[in-house]
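Okay, so here's the structure we're looking at.
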Amino acid sequence: MDYKGIIAKYKDVSGGIIEAFHAVQKELSYLPEEVIVEAAKIFNIPVAEAYGVATFYSYFSVEPRGKNIIRICESAPCHIAGAADVVAALERELGIMMGETTADGKFTLEYTECVGQCQATPVITVNGKPYAGVSPAQVSAILAEYK
Amino acid sequence: MVNITINGMKASVPEGSTILQAAQQVGIYIPTLCYHPDQSVKANCRVCVCEVEGNRLLQAACAAPVFEGMVIKTNTPKVLEARKTIVELILANHPQDCLNCIRNGACELQTLAEDLIIRDNPFELMVRGFEKDLSTPSLFRDPDKCVLCRRCIEACSVIQSVNALGVEGRGSEAMVVPTLGKDLIDSPCVMCGQCIHACPVGAIGEIENIDQFLAAVADPDTIVVTQIAPAVRVAIAEEIGMATGELPMEVFVNGLRQIGFDHVLHTNFTADLTILEEGNELLKRVKEGGTLPMFTSCSPGWINFCETFYPDLLDNLSTCKSPQQMFGALVKTYWAEKMNIDPSKIFSVSIMPCVAKKFEADRPEMYDSGYKDVDIVLTTREIGRLFRQSGIDFSKLPASSFDSWMGAYTGAAVIFGASGGVMEAALRTVYEVVTGNTLEDVNFTGVRGFEGIKEATVDLNGLEVKVAVAHSLSNARKLMDQVRAGESPYHFIEIMACPGGCVGGGGQPITKRNQKRIERIDAIYLEDEAMPIRKSHENPEVKTIYEEFLHEPLGHKSHELLHTHYHDKHKKYL
Ligand code: FES
Ligand code: FES
């Protein structure tokens, strides 16, 4: 993947490193070391600082992740509405634990803070798309959309 | 001026002062942690909070500027309680092993805990559980002790322009880490140790070699020989409760004998030798069209910097080894022969103001004597600890002189310890060599002082030599960029990695303030002035070594033992 080309596109944008990271992560699901080093070069900052940016925002990951990122809200409203049961269903369905990635590299499970969809809890997001009022029974159908 | 009331007292302070500065002016102490007198304001620890009339929230004294009519209270019950809670919370993340800590007794957090009368911390202890970083021979990092003040980051980035440190993550999960969260050795760290001075606690420190020293002393077959760098004497006094520069050299020498050194020699001897080798190298480059400007090569932090950031300029570096390594190569050859001692029995210890010297001594190039030229390096701080451990009372200790053959030195060697000193020493000798005249006034004051970059032009019988001196690597970078761009007007450039030169080295007694470094510089020039001989080429033992052993500067033996070469470090992440 031409991450260099992607980063270069944001060279003259102010604060462009964040947008560049988002763009690369969209392709790779995470920010590998080479990407951080290249961004430091393009935006003319030390690698230590570019790494600081990449680790500051929870939406960036410097660890390899699956193609589809499933995030489960762990804030109070979702918690009370039974997020734990949804977690259990996702873990069972995918055969991995929270924080892990499936062997085929397709799915990663992560926790997130409130995503602002408390009108129907619990909430999960897949690649940023919210699914509100999720029950454990719906989990397989949601996953099927991404298989 | 701005009129304020502080703890009921009226005061008039300069406009733009912070509450902290105003309080200092009227003699009120406000505790701080992230604040550093020579750095930018960070205001991230909140230890310095005060009450300001009209403000509901407490204000950080290190950051809040004063205004006309401001009413400040620095010690109300509310303030004291808040400070105490803040420090208790920091301590709740901090390993409780002060007794084993390298900063025990010199720790800002420890002092705060005492000043704020912290006894039973109500917060549960939660040590974060990071691994120690022991990847370099010079420095360790112990992230569990980090209080996240970020002073090390500023020392590394702003003062040194090395940028080996940054923050990973945020909030309660934030941590100071080397580049990309890897070990220090993989980062561009040049091992200058300025972060040690910046750190308020024991989260960064020198790798100690004290046990190896004690083992060598304990072994009756080992002959323990030492060399002392010029910047050590002025500062060691601070470690033993004396004023800067107050410990006379000869009493220091006796102190070293007391802790077990069999022979006490001086790095100053090889500093003088460096001047002869380096001075002649410069003249040769000027006459024969060699690579110019030539850079000095005494400061191992600077060498690491050049090898890391300016590998294209390695030819500009003088090939002279540092005085420490010249000494190391000679003590196990020339000196051993002269003393009739089996070099394999010599344990060569150097006492340095520097932590990068530990790395330098371990370089694979530094075995020219057939042995490890310098076995271990002890910093000024480590020697201070050994003195205290032995319970020496320096006020009663008689004097003792240096041992022979590599113990004599001149004022020119003494000033190696201050920024500009190597340059001045070189000029004293080069002037006489080139012009054949006696230099009446040996003081080249233009290259002295704490200014970041100093320049001078010297007229050597019609040959105009332009020189520049820089200390701190951010200043070095400016001169290097000029050289890289082909725009450098200089013939000779002296670089010292640390602020003020070796007096401000990473192995010196912990000091936050540049003012302390300036005091040490003053002590260095006083020592130079009091020396009977002040030109390196007049050192009698240096004359002897050329007559009996080296024969001539830049000669065959010199090349074998006193000169070296440099390598591109090929660092992956800068
Ligand atoms: S010293 Fe003022 S906030 Fe840290
Ligand atoms: S004594 Fe404070 S960190 Fe060690």
Counting only protein heavy atoms and rolling a 1.4 Å probe, one gets per residue an accessible area for segment B:3-128 in Å² of 53
About its Cα centre, the protein assembly as shown carries a charge dipole, from +1 on Lys and Arg Cβ atoms and -1 on Asp and Glu Cβ atoms, whose size in debye to the nearest 20 is 1660
When the charge dipole of segment B:2-90 is computed with +1 on Lys and Arg Cβ and -1 on Asp and Glu Cβ about the Cα centre, the Cα farthest towards its positive end, among B:Thr18, B:Ile86, B:Ser40, belongs to B:Ile86
The helix A:47-56 Cα axis meets the longest alpha-carbon principal axis of chain A at an angle in degrees, between 0 and 90 and rounded to 10, of 20
With +1 on the Cβ of every Lys and Arg and -1 on the Cβ of every Asp and Glu, the dipole magnitude of chain B about its Cα centre, in debye rounded to the nearest 20, is 1640
Over segment A:3-56, with neighbouring protein chains present, the accessible area per residue in Å² at probe 1.4 Å is 48
Trypsin sites (Lys or Arg not before Pro) in segment B:490-550 lying in a DSSP loop, each with at most 13 other Cβ atoms within 10 Å of its Cβ, come to B:Arg513
For the protein assembly as shown, the charge dipole (Cβ of Lys, Arg +1; Cβ of Asp, Glu -1; about the Cα centre) points to a positive end, and the Cα of B:Phe261, A:Gly99, A:Ala50 closest to that extreme belongs to A:Gly99
Partner shielding of B:161-170, as the mean number of partner chain Cβ atoms within 10 Å, equals 5
With +1 at each Lys and Arg Cβ and -1 at each Asp and Glu Cβ, the charge dipole magnitude of segment A:68-144 around its Cα centre, to the nearest 20 debye, comes out at 200
For B:Lys10, the lysines lying under 20 Å Cα to Cα, once residues fewer than eight places off in the same chain are dropped, come out as B:Lys73
Chains B and A: accessible area buried, summed over both chains, 1.4 Å probe, nearest 100 Å², reads 1100
Projecting the Cα atoms of B:Gly555, A:Ala40, B:Ala523 onto the charge dipole of the protein assembly as shown, where Lys and Arg contribute +1 and Asp and Glu -1 at Cβ, the residue farthest towards the positive end is A:Ala40
Ignoring ligands, DNA and RNA, the residues of segment A:47-71 whose accessible area with a 1.4 Å probe is reduced by 40 Å² or more relative to the chain alone are A:Val47, A:Ala48, A:Tyr51, A:Thr55, A:Phe56
Cα-based Debye curve of segment B:128-206 sampled at q = 0.22, 0.27 Å⁻¹ gives log₁₀ I(q)/I(0) of -0.99, -1.63
Filtering chain B for DSSP H helices with an axial alpha carbon extent of at least 20 Å and a Kyte-Doolittle mean of at least 0.5 returns B:77-91, B:421-435
For B:Lys572, the lysines lying under 16 Å Cα to Cα, once residues fewer than eight places off in the same chain are dropped, come out as A:Lys41, B:Lys182
Between B:His266 and residues 5 or more places away or on another chain, the pairs with built amide H atoms under 5 Å apart involve B:Ile228, B:Gly407
For segment B:2-70 the GluC sites (Glu not before Pro) that pass both the DSSP coil test and the at-most-15 other-Cβ-within-10 Å test are B:Glu15, B:Glu53, B:Glu68
So the angle from the long Cα axis of helix A:83-94 to the longest Cα principal axis of chain A, reported in degrees to the nearest 10, equals 80
With Rg from the Cα atoms and Rh as the Kirkwood inverse mean 1/r over Cα pairs, chain A has an Rg/Rh of 1.04
Going through B:Lys357/B:Lys466; B:Lys284/B:Lys357; B:Lys321/B:Lys557; A:Lys11/A:Lys67 one by one, the pairs whose alpha carbons sit over 18 Å apart turn out to be B:Lys357/B:Lys466; B:Lys284/B:Lys357; A:Lys11/A:Lys67
Of the listed links B:Lys358/B:Lys569; B:Lys338/B:Lys543; B:Lys358/B:Lys396, those spanning more than 21 angstrom between alpha carbons are B:Lys358/B:Lys396
Residues of segment B:171-193 that bury at least 40 Å² of accessible area, probe 1.4 Å, when all protein chains are present rather than the chain alone, are B:Leu180
Any aspartates and glutamates whose Cα falls less than 17 Å from that of B:Lys145, other than same-chain ones fewer than 8 residues away, would be B:Glu88, B:Asp97, B:Glu108, B:Glu124, B:Glu131, B:Asp133, B:Glu168, B:Glu173, B:Asp183, B:Glu206
With Cα coordinates, the longest principal axis of chain A makes an angle with the long axis of helix A:16-28, in degrees rounded to 10, of 50
With 0.36 nm assigned to each residue of separation and the Cα-Cα distance removed, B:Arg388 to B:Lys572 gains 62.0 nm
Once amide hydrogens are built 1.01 Å from N within the peptide plane, the residues lying 5 or more places from A:Thr121 or on another chain with amide H under 5 Å from its amide H are A:Gly133
Per DSSP, the loop-located chymotrypsin sites (Phe, Trp or Tyr not before Pro) within segment B:74-181 having at most 16 other beta carbons within 10 Å are B:Phe123, B:Phe130
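The values are calculated or read from the model by the stated rules, or taken from the named source; none is laboratory data. On a predicted model such as this, the values are computed, not experimentally measured, just so you know. Reconstructed Cβ throughout: ideal geometry from the backbone, glycine too, with neighbour counts over all protein chains shown. SASA here: full protein model, heavy atoms, side chains in, ligands and nucleic acids out. Shrake-Rupley method; radii C 1.70, N 1.55, O 1.52, S 1.80 Å.
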